[in-house]
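Data block below; observations after.
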Amino acid sequence: MNYVAFSLKQALEIRKATKARVMAGGTDLMVSAQRGEGMMPRFEGDMLLISHVDELRHIGFNASGELEIGALCTSAQIAGDSRVPWALRAAASRMGAVALRNCATIGGNIANASPKGDLPGPLYALDARVRLLSVDGAEEMLVSDFILGLKKTKLKDDQIIGAIIIPKMDEWFDYIFWHKIGTRRANAISKLTVTMAIKLDQQRKIVEDFRLSATACGAKTNRSREVESLVIGKKVQELEDLVAPVQEAFDKVISPRAMPVFRRTATKNMIADFFSRVARLPEERNME
Amino acid sequence: MKIDFNLNGVQVSVDKDPLSRLIDVLREDFGLTGTKEGCSEGECGACSVLLDGKLVTSCLVPLGSAIGSRVDTIEGIRDTKLGSIIIESFANGGAVQCGFCIPGMVISAYCLLSSNPHPTEDEVRLAISGNLCRCTGYDLIVSSILDASRRLA
Ligand SMILES: Cc1cc2nc3c(=O)[nH]c(=O)nc-3n(C[C@H](O)[C@H](O)[C@H](O)COP(=O)(O)OP(=O)(O)OC[C@H]3O[C@@H](n4cnc5c(N)ncnc54)[C@H](O)[C@@H]3O)c2cc1C
Ligand code: FES
Ligand code: FES
C-alpha cells in the first residue's frame, strides 16, 4: 500500500509502522519505477509520499547561527536563496533544467547517494550535517559519514531526513571554487565536479583552512583531511608550489573507474587554476 | 485513495493510487492528450505542465503531489491571453514542424513570460533547455518566444 503524509508527525508514524520507503520529489524514484505509458509504476514494497510535509520545507538560521535547510527544499529554492553558501547555490542551480529543479529535493539528493549527485560535494566541503528524524527522536551526523557508498547510507528504516545543517559560515571562507563538467548546460549529469574553499588569516598571508571535495570520482563524493592538511598553515605565496603535491595526494584518494586520465588531469587543472587565482588575492571571492 | 485537485481552474476528484503518474491521469482519466509522453524519464519536457504555477515534468510527478494543488495543462493555457499570444507567435514564426514537443515548449514559454515578460535570448534558451525538439534546431522556437514577448503590452 502507498501512503501520503500531511504532517511530520504522521509521516514518522507511518514510517515507523510500515517501513514504507520515502518519496519526496520522486525524480529518482519515479524514473526507476516507470514502466511506460499508462502503466502504474512498479515499486518494491510500500511507498510513503512526504511532499506535503510543510515542516520540512524551510530555510533559516537556528539559535546557534547555523543554516538549516529542510529536506524537502528543492534545487530551485536553494539556488534562489542568498543565505545559502555560494558553492551549494551554484551546484543547485545547475541540476537538470527548470522543471527538474522545481521537484528535486536536497534530502532526495543525499539519500539517493549517487556518486554523481551534485549537492554532496559542496556539503562535504562545508562540513554539513544531516538531521535524521524518527518517532523515537533525532540524531545528527556529517553528510560525509551518512553516505556510505553507491546507493548506501546510514538511514534506518524508521527514519526520515529532516534537515541539512550548515555550520555558521559567514566569515569562514575568503575564496570558494566550484566547477562542474557535464555534457551540456541542461540536464547535465556531472562527469566531474570539484569544490574548494580557502580561509586566510587576518593579514591575508597564511591559509587557515582549506577544503577540497570531488564528485563523480568513485563510488561516492571524496574528501580527505590528510590532503587538506598539506595546505593548511602554508603561505598564500606558496600556493602555486603546492599544486603538484596536493594533486598527487588527492589522486590516491579518488578512484575514478571511467575516464581516469581525464578526471585526474581535470582535477589537477582545477586545483592549479584555483590556487593561482587565490595567490593573486583578487576581489572576486566566488570562482567557477 | 480519493485525490482532489484543481485542473485548469476546475475542481476535480479521482480515486487512484497516489503514486500513479500525473501524466497518465491527465491523459487517460481526463482525456487531456495535449500533454505528450516522450522519454518517460524527465529528459525531454514533452509532458511539461504547471503545478501551482511551477514548471514540472508530469511523467515524474506522483499524483499524490497534486492533492490540493492547481494543475495547468496546455488545454487550460491555450485560451489565456498570454497562451494565445505565444501560440500565434509559434504559428507565424514557423516554430512548429512535427509538433510533438510544442505543448511542452509553449508551457515553458508561458512559465517564463509570466514571470519575466521581456527576457533576453539567453534567458529564453535557458527556460526551454529542458525541452527537446528533434525537428527545428530551436532557433525558430526561440525567435517565436522573443516575438511573443515583444507583442506583450
Ligand atoms: C532528467 C533528470 C536530470 C537530473 N539531473 C541531475 C543533476 O544534474 N544533478 C543531480 O545531482 N541529480 C540529478 N538528477 C537526479 C535527481 O533529480 C536528484 O537526485 C534529486 O535531488 C532527487 O530528489 P527527489 O526528492 O526527487 O528524490 P526521490 O526520487 O523522491 O528520492 C530519492 C531517494 O531518496 C530517498 N529520500 C528522499 N527524500 C528523503 C527524506 N527526506 N528522508 C529519507 N529518504 C529520502 C528516497 O527513498 C529515494 O531513495 C536528475 C534526475 C532526472 C530525472
Ligand atoms: S516524457 Fe516526461 S520529460 Fe520526457
Ligand atoms: S517540432 Fe518535432 S520535436 Fe519539435
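Throughout, read-outs are computed from the coordinates displayed, never taken from laboratory work. Quick caveat, the model's predicted, so the values are computed rather than measured. Backbone-built Cβ (ideal geometry, glycine too); neighbour counts: all protein chains shown.
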Notebook entry, point to check: With N residues in the stretch B:78-151, what two-decimal value do you get for its Cα radius of gyration over 2.2 N^0.38 Å?
Noted result: 0.94
Notebook entry, point to check: Cross-link partners among aspartates and glutamates for A:Lys268, C-alpha distance below 15 Å, same-chain residues fewer than 8 apart left out?
Noted result: A:Glu228, A:Glu240, A:Asp241, A:Glu248, A:Asp251, A:Glu288
Item checked: In sequence order, calculated HN-Hα J values of the stretch B:140-151 (Karplus, 6.51, -1.76, 1.60; Hz; x Gly/Pro) -> 6, 5, 4, 5, 5, 5, 5, 5, 4, 4, 5, 7
Next item on the list: Would you please calculate the Kirkwood hydrodynamic radius of chain A over all C-alpha pairs and express it in Å, rounded to one decimal?
Entry: 19.7
Check: Roughly what % of DSSP beta bridges within the stretch A:1-121 run antiparallel, to the nearest 5?
Finding: 40
Note to self: For chain A, give me the percentage of DSSP beta bridges that are antiparallel, rounded to the nearest 5 percent.
What the structure shows: 85
Margin query: How tilted is helix A:239-253 with respect to the longest principal axis of chain A? Cα atoms for both, answer in degrees (0 to 90, nearest 10).
Written below: 40
Checklist line | Stokes-Einstein diffusion coefficient of the stretch B:1-95, Kirkwood radius over Cα pairs, 10 °C, 1.306 mPa s, in µm²/s | finding: 116
Item checked: Under the Karplus curve 6.51 cos²θ - 1.76 cosθ + 1.60, θ = phi - 60°, whole-Hz ³J(HN,Hα) for the stretch B:11-23, x wherever Gly or Pro sits -> 6, 10, 8, 9, 10, 8, 5, x, 9, 4, 7, 4, 4
Checklist line | Set of lysines near A:Lys234 by C-alpha distance (under 16 Å), chain-local residues within fewer than 8 positions excluded | finding: A:Lys199, A:Lys205
Notebook entry, point to check: Expressed in whole Å with the largest first, what are the equivalent ellipsoid semi-axes of the stretch A:51-140 derived from the C-alpha gyration tensor as the square root of 5 times each eigenvalue?
Noted result: 20, 15, 14
Notebook entry, point to check: Angle between the Cα long axis of helix B:102-115 and the longest principal axis of chain B, 0 to 90 degrees, nearest 10?
Noted result: 80
Checklist line | Test item: A:98-108 mean partner chain Cβ contacts at 10 Å | finding: 6
Margin query: Between A:Val194, A:Val31, A:Val84, where does the largest GNM mean-square fluctuation fall for chain A, given springs only between Cα atoms within less than 10 Å?
Written below: A:Val31
Check: Pairs A:Lys154/A:Lys191; A:Lys19/A:Lys220; A:Lys16/B:Lys2; A:Lys152/A:Lys220: which exceed 20 Å Cα-Cα?
Finding: A:Lys154/A:Lys191; A:Lys19/A:Lys220; A:Lys16/B:Lys2
